[in-house]
Amino acid sequence: MVKRERLGVILSESRLPELIASLTETYRIFGPSKKDDGESFAAIHKSEELALDYGNTKMSPKGFFFPQTESLMWYDSADKKAKQDKPEVQPTLLFGLRPCDALAISYLDKVFLSNEPQDPYYRQRREATKIVCLACNSPSPTCFCTTVGCGPDSEKGADIMMYKLNDRYLMKALTPGGEEIFTNIDVETEPATSQDIVEKDDLVNKACQMVKRFVDIDEFKEKLNNFQGPWWEKLAQKCLGCGICTYFCPTCHCFDVTDEVVKQSGRRVRTWDSCMYPLFTLHASGHNPRPGIKERMRQRIMHKFNYAVEYYGETFCVGCGRCIIHCPVNIDIRQIIMDIAEER
Amino acid sequence: MKRAEHEIRSNVGKLLKQKKIDVFIGYEKGTLPLRTSPCFVSSEKEARKLIWNSFCTNNLAVYLPHIMSRVKNKRSTRVGIICKGCDSRSLVELIKEKQLTRDQIYIIGISCSGMVDYKRILSQVNSDEVIGVDETADEITVRSKEGERVFSKEENLCEPCRTCKHAVPTVYDMLIRTAQQPRQATTSDSTVHDFLMKPREERWQILEQELGQCIRCYACRNACPNCYCKECFAEQTKPRWFGVTTDLTDIIFYHTIRIFHQAGRCVDCGACVRACPMNINLRLFTRMLVDEVKERFGYEPGVAPEELQPLATYSAKDKQDFMIEPE
Amino acid sequence: MKNPYMPIPVRIDNINIENDARDIKTFRLVFLNKEDADAFNFMPGQFAELSILGVGECPIGIASSPTEKGYLLFTVKRTGVVTTKLHHAEIGDIIGVRGPLGNTYPFEKMRNSNVLIVSGGFAFTTLRATVKYILDSANRFNYRDLTVIYGARTPGELLYKSELWAWEKRNDLAMQVTVDKGDKSWSRYEGFVPAVLKKIAPAAKQTIALVCGPPIMIKFTLPVLKELGFSDDSIFLSLEMRMKCGIGKCGRCNIGHKYVCKDGPVFSSAELQKLPQEY
């Protein structure tokens, strides 16, 4: 058991293998792991599999709670009754998650849990999962978290916050769930000193300076109140209308529900969907309220920076930069924000 | 490169000023190192932001069917576009498929010396550290905090460029030559041959491995100039042809049908592969059709504007050996 | 915990073909389990997802009133995949219902006021429920004058015909049925709904207007209501959108920051004016 300390505890980097070994006794662990094309979350059995010195994972971790393909229910035509599919859940730990992704999960919580009725599938996975966040010491050039109310040390959504200080980790439990993790592990730690906190603050400050704040976000949001703004046409011109930005986004959560039949039985299945797809809003009558790429791109941006603010009180963008990295025509959401903010 | 860029700017500026075109589709500087971004310019002043370098990979023909279906006055609207060899071949196919007419477009052709695969270069440097990029005739120099690294273009070419035999556009209104020679491939593509040499189990494994990564973002489809259907079979609900999940059966269904729709039309520009965020080697499948169509019908898409598409026409000489006699 | 995605099993108890084109049918559904029936508390204006396993779901307004006990009515036009399958269903078939979903017409606001109902074509369903609810002897005294204007393209396209003619004879509501184009036997109003509304000119004072119909009818009805003196917060409309989850999560039915499935489908004209014109 790790004792609770006011300033947090210090774990020597050399003890990371012990920490992971101890955690695996209680939890299934997923953490960033090196793959051919960058890092992605993978099952971790020992600390060598972890790649904690990373920018961010390629895909966001939202799929842990909201998988791209998920059976909701199944049935066979003999009794015509639907039977609920229950996700298999066991105590899980997302280890080394970036603060932006943890914040995004707190937003998904609002959609699937705070917004009644609750989503039972999401809830089962979410309740079984705890999040150990690793603050960013060296953000990537595509990061813009500080512009959208997040930051390299943002704590929201995390149960435990970790900071890498040279050859040590500073760890702090932020929630009862975090305390619970501490009680479940057996590894030697020391109480953090005020000197450690100074070192941490220094690193966080440096990281904050590396993330460029390029625009006054409030000015941008103010402009969005003009739904008919003249900028959409031009901004949407080069968009191909694929779903990359929405599928890579850690906060995008739109889904489709479809039925599949094989002979006499079948299932109702939930899959990710994207507001960038033309059939997303197509009525059975043939009418489509969002007929073109312009309308669909406006929906995506407005949803994040205007509608979600009204509905959930949050900006549904955490500045992770995944949409920027993967867009096939290099549409850069920072540029969109700047162009609209600066439009006179 | 610089000279070509200058020529593009001044010519586009002139065309816009003289009202010979209404809008021009070209490339502008990207927001990330080693990237460019398609751009639409409609004034002489805007033409100054046009660029040309070895990262101008996007096949801009993809925008034309959409633009043409939306312009109010089809007769008088003229769109200018910059085309590499492969892009021009896409245009030829689009014209054959009546998505646009030749007089609706003004083509600035550029003799292409091969495009460089930015993902390949980024995988060799710490992409977070890149500060700037310089380009000479044969080399790309990447400057980062750690210093400079020089990459040979030839070694880092986009896959389709390695075996491209049409570096000079097949149609154009004006041709711009860069300082380099157009890259004329001497080797043929062996992708398909190598694949077919493998035992069946291994081929299936490769197929599973490649397509299993698909997240159904449809970027391959949307980046492809040939995929202009207003409603794609993949998303149709009336009827729904197959599932929308990421189960392997659904994914294979999607790619197989999409790729079969490319038979006799695919110009092997590689836009689908470059757009794919999961780096799936879709060319493994498209190449097979390219080779097949060439072998059966002697047809290479986009090369000769007057040549009819083999699958859209009938000839008594068409091979019939695909028809299997019942035993 | 209750799973909002699980359909409640119901049996098709009766099917009535509503129109000459035979593409609109009213389904009477009876819950298989009594506890499901007891738990299904709704008010007119709400909708439910009709669910056919193996085919899918579609959102349909509840056409019956909660005062009609023991069953639910859904009037369905054959349009998409699910509605087509439903039209092929037979009495006795088991399907699913998920709901009630969405908000209701503003019954609190309508209390002690006059109620004006303006509707066209196939959109009359939840307003039929409203008429039925208000006319119920347990509720009638809560509302003042009830005026109903209902139109369709032709006499054969009118829904709930026998009920309409019965309502016409009553003296506790003013019923005006109109068709764009009558036939030989048609002896009632002929003309578009907005024109009839203008002719009848119901008083706007202390009146709540409920409007539901095709976009073109709504477009020409709203100015007439304004002319008659109706304010934007006394006009209520019911909207349609493509939906999947019906509980404000799947993200496709929003108009601005409102989800039609959860915050609607009933909106006041004043609310709608604050939202983007994207529906």
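The values are calculated or read from the model by the stated rules, or taken from the named source; none is laboratory data. Since we're looking at a predicted model, the values are computed, not measured. Heads up, the Cβs are rebuilt from the backbone with ideal geometry, glycines too, and the neighbour counts pull from every protein chain shown. Surface accessibility is based on the protein's heavy atoms, side chains included, excluding ligands, DNA and RNA. Shrake-Rupley method; radii C 1.70, N 1.55, O 1.52, S 1.80 Å.
Report the residue count in region B:280-311 for those that are open to solvent by 70 Å² or more (accessible area, probe 1.4 Å) and touching a residue at least 60 places away in the same chain (Cβ under 8 Å).
1
Against the definition (within 14 Å of chain C (Cβ to nearest Cβ) and not acidic (Asp, Glu)), how does residue A:122 come out, yes or no?
Numbers: within 14 Å of chain C (Cβ to nearest Cβ): yes; not acidic (Asp, Glu): yes.
Here the answer is yes, as residue A:122 does meet what is asked.
Exactly one condition in (1) part of a loop (DSSP other than H, G, I, E, B); (2) touching a residue at least 40 places away in the same chain (Cβ under 8 Å) is not met by residue C:217; state its number.
(1)
Being more than 8 Å from every other protein chain (Cβ to nearest Cβ), open to solvent by less than 30 Å² (accessible area, probe 1.4 Å) and over 19 Å from residue B:99 (Cβ atoms) is the filter here; which residues of region B:221-244 pass it?
Those that are more than 8 Å from every other protein chain (Cβ to nearest Cβ), open to solvent by less than 30 Å² (accessible area, probe 1.4 Å) and over 19 Å from residue B:99 (Cβ atoms): B:234, B:242.
Please go through region A:27-51 and give me each residue that is part of a loop (DSSP other than H, G, I, E, B) and surrounded by 17 or more Cβ atoms within 10 Å (Cβ to Cβ), ordered by number.
If we filter region A:27-51 for residues that are part of a loop (DSSP other than H, G, I, E, B), which is where we start, we get A:27, A:36-37, A:45-46, A:50-51.
Correct list: A:27, A:50, A:51.
Quick one: residue B:81 ticks every box in (1) at pLDDT 95 or above; (2) open to solvent by 10 Å² or more (accessible area, probe 1.4 Å); (3) touching a strand residue (DSSP E or B) at 6+ places or on another chain (Cβ under 7 Å) bar one, so which box is it?
In the conditions (1) at pLDDT 95 or above; (2) open to solvent by 10 Å² or more (accessible area, probe 1.4 Å); (3) touching a strand residue (DSSP E or B) at 6+ places or on another chain (Cβ under 7 Å), residue B:81 misses (2) alone.
Among (1) outside any helix (DSSP H, G or I); (2) modelled with pLDDT of 95 or more; (3) within 14 Å of residue A:54 (Cβ to Cβ), where does residue A:140 come up short?
Every condition holds for residue A:140 apart from (2).
Tally time: how many residues in region A:78-111 are in contact (Cβ under 8 Å) with a residue 12 or more places away in the chain, open to solvent by 50 Å² or more (accessible area, probe 1.4 Å) and in contact with a strand residue (DSSP E or B) (Cβ under 9 Å, 6 or more places away or on another chain)?
Narrowing region A:78-111 to residues in contact (Cβ under 8 Å) with a residue 12 or more places away in the chain: A:78, A:82, A:84-87, A:89-111.
Imposing the further condition that a residue be open to solvent by 50 Å² or more (accessible area, probe 1.4 Å) reduces the set to A:78, A:84, A:86, A:89-91, A:110.
Going one step further and asking which of them are in contact with a strand residue (DSSP E or B) (Cβ under 9 Å, 6 or more places away or on another chain), we end up with A:78, A:84, A:89-91.
The number of residues fulfilling the criteria is 5.
Restricting attention to region A:235-255, does a residue exist that is over 22 Å from residue A:329 (Cα atoms), within 13 Å of chain C (Cβ to nearest Cβ) and either surrounded by fewer than 18 Cβ atoms within 10 Å (Cβ to Cβ) or aromatic (Phe, Trp, Tyr) (or both)? Don't jump to the end; show me each part of the working.
Let us first name the residues in region A:235-255 that are over 22 Å from residue A:329 (Cα atoms), namely A:253-255.
Subset that is within 13 Å of chain C (Cβ to nearest Cβ): A:253-255.
Remaining after also requiring either surrounded by fewer than 18 Cβ atoms within 10 Å (Cβ to Cβ) or aromatic (Phe, Trp, Tyr) (or both): A:255.
Looking for residues that are over 22 Å from residue A:329 (Cα atoms), within 13 Å of chain C (Cβ to nearest Cβ) and either surrounded by fewer than 18 Cβ atoms within 10 Å (Cβ to Cβ) or aromatic (Phe, Trp, Tyr) (or both), one finds at least one in region A:235-255, hence yes.
Considering only region B:1-52, state which residues are closer than 17 Å to residue A:240 by Cβ and hydroxyl-bearing (Ser, Thr, Tyr).
Once the filter is applied, which keeps residues that are closer than 17 Å to residue A:240 by Cβ and hydroxyl-bearing (Ser, Thr, Tyr), region B:1-52 yields B:27, B:31, B:36, B:37.
If I go through region C:59-72 residue by residue, how many of them are in contact (Cβ under 8 Å) with a residue 40 or more places away in the chain, open to solvent by 10 Å² or more (accessible area, probe 1.4 Å) and out of contact with any Phe, Trp or Tyr (no Cβ under 7 Å at 6 or more places or on another chain)?
Count: 3.
Within region B:262-287, count every residue that is small (Gly, Ala, Ser), over 23 Å from residue A:59 (Cβ atoms) and within 12 Å of the chain's Cα centre (by Cα). Give the derivation first.
Within region B:262-287, the subset small (Gly, Ala, Ser) is B:263-264, B:270-271, B:275.
From what is left, the residues that are over 23 Å from residue A:59 (Cβ atoms) are B:263-264, B:270.
Adding the requirement that they be within 12 Å of the chain's Cα centre (by Cα) leaves B:270.
Summing the residues that are small (Gly, Ala, Ser), over 23 Å from residue A:59 (Cβ atoms) and within 12 Å of the chain's Cα centre (by Cα) in region B:262-287 gives 1.
Which ones in region A:288-324 are polar (S, T, N, Q) and in contact with a helix residue (DSSP H, G or I) (Cβ under 6 Å, 6 or more places away or on another chain)? Before you say what the answer is, go through the steps one by one.
So the first thing to find is which residues in region A:288-324 are polar (S, T, N, Q), and the list is A:288, A:299, A:306, A:315.
Matches in region A:288-324: A:306, A:315.
Test residue A:287 against the stated conditions and say whether it is farther than 28 Å from residue A:335 by Cα and in a loop (DSSP other than H, G, I, E, B).
Details: farther than 28 Å from residue A:335 by Cα: yes; in a loop (DSSP other than H, G, I, E, B): yes.
Criteria met by residue A:287.
Just one of C:256, C:251 is facing chain A (nearest Cβ under 8 Å) and out of contact with any Cys (no Cβ under 7 Å at 6 or more places or on another chain); which is it? Steps first, answer last, please.
Working: C:251 fails: out of contact with any Cys (no Cβ under 7 Å at 6 or more places or on another chain).
Testing whether each residue is facing chain A (nearest Cβ under 8 Å) and out of contact with any Cys (no Cβ under 7 Å at 6 or more places or on another chain) leaves just C:256.
Considering only region C:105-123, state which residues are under 29 Å from residue C:153 (Cα atoms), open to solvent by 10 Å² or more (accessible area, probe 1.4 Å) and part of a loop (DSSP other than H, G, I, E, B).
C:106
Of all strands (runs of 3 or more DSSP E) completely enclosed by region B:86-157, which ones contain at least 2 residues that are within 17 Å of residue B:58 (Cβ to Cβ) and either touching a helix residue (DSSP H, G or I) at 6+ places or on another chain (Cβ under 8 Å) or assigned by TED's automatic domain parsing to the domain that holds residue B:177 (or both)? Outline the logic, then answer.
On the way: elements: B:105-110, B:130-135, B:139-144, B:147-152.
Correct list: B:105-110.
Out of curiosity, is residue C:218 within 27 Å of residue A:290 (Cα to Cα), β-branched (Val, Ile, Thr), within 19 Å of the chain's Cα centre (by Cα) and open to solvent by less than 50 Å² (accessible area, probe 1.4 Å)?
Here the answer is yes, as residue C:218 does meet what is asked.
Might you let me know whether region B:187-209 holds any residue that is modelled with pLDDT of 90 or more, under 19 Å from the mean Cα position of the chain (by Cα) and assigned by TED's automatic domain parsing to the domain that holds residue B:262?
no
What are the residues in region B:37-56 that are more than 21 Å from residue B:116 (Cβ to Cβ) and either more than 14 Å from chain A (Cβ to nearest Cβ) or assigned to a strand (DSSP E or B) (or both), if any?
Residues satisfying the conditions are B:40, B:41, B:44, B:45, B:47, B:48.
In region A:187-233, what residues are open to solvent by 60 Å² or more (accessible area, probe 1.4 Å), within 14 Å of another protein chain (Cβ to nearest Cβ) and touching a residue at least 60 places away in the same chain (Cβ under 8 Å)?
Across region A:187-233, the qualifying residues are A:210, A:212, A:225, A:233.
Yes/no per residue for (1) assigned to a helix (DSSP H, G or I); (2) free of Cβ contacts under 8 Å to residues at least 40 places away in the same chain; (3) open to solvent by less than 10 Å² (accessible area, probe 1.4 Å):
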{"residue": "C:130", "(1), (2), (3)": "yes, no, yes"}
{"residue": "C:137", "(1), (2), (3)": "no, yes, no"}
{"residue": "C:148", "(1), (2), (3)": "no, yes, yes"}
{"residue": "C:163", "(1), (2), (3)": "yes, yes, no"}
{"residue": "C:176", "(1), (2), (3)": "no, yes, no"}
{"residue": "C:195", "(1), (2), (3)": "yes, yes, no"}
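Would you check which residues across region C:234-270 are in contact (Cβ under 8 Å) with a residue 12 or more places away in the chain, open to solvent by 10 Å² or more (accessible area, probe 1.4 Å) and under 15 Å from residue A:280 (Cα atoms) and list them?
C:240, C:241, C:243, C:244 - these are the residues of region C:234-270 that are in contact (Cβ under 8 Å) with a residue 12 or more places away in the chain, open to solvent by 10 Å² or more (accessible area, probe 1.4 Å) and under 15 Å from residue A:280 (Cα atoms).
Residues to consider are C:263, C:232; find the one that is away from every other protein chain (no Cβ under 12 Å) and charged (D, E, K, R). Reasoning before the result, please.
Numbers: C:263 fails: away from every other protein chain (no Cβ under 12 Å).
Only one candidate qualifies: C:232.
From A:197, A:160, A:185, A:181, grab the single residue that is under 20 Å from the mean Cα position of the chain (by Cα) and under 13 Å from residue A:9 (Cβ atoms). Steps first, please.
On the way: A:197 fails: under 20 Å from the mean Cα position of the chain (by Cα); A:185 fails: under 20 Å from the mean Cα position of the chain (by Cα); A:181 fails: under 20 Å from the mean Cα position of the chain (by Cα).
After ruling out the rest, the residue left standing is A:160.
Identify, by number, the condition in (1) crowded, with 16+ Cβ neighbours inside 10 Å; (2) within 29 Å of residue B:264 (Cβ to Cβ); (3) under 21 Å from the mean Cα position of the chain (by Cα) that residue B:97 doesn't meet.
Residue B:97 satisfies all of (1) crowded, with 16+ Cβ neighbours inside 10 Å; (2) within 29 Å of residue B:264 (Cβ to Cβ); (3) under 21 Å from the mean Cα position of the chain (by Cα) except (1).
Would you be able to tell me the number of residues in region A:302-322 that are more than 10 Å from chain C (Cβ to nearest Cβ), at negative phi and buried (at least 21 other Cβ atoms within 10 Å of the Cβ)?
First, the residues of region A:302-322 that are more than 10 Å from chain C (Cβ to nearest Cβ): A:304-305, A:313-322.
Applying the additional criterion that residues be at negative phi yields A:304-305, A:314-318, A:320, A:322.
Then keep just the ones that are buried (at least 21 other Cβ atoms within 10 Å of the Cβ); that gives A:304-305, A:316-318, A:320, A:322.
Counting residues in region A:302-322 that are more than 10 Å from chain C (Cβ to nearest Cβ), at negative phi and buried (at least 21 other Cβ atoms within 10 Å of the Cβ) gives 7.
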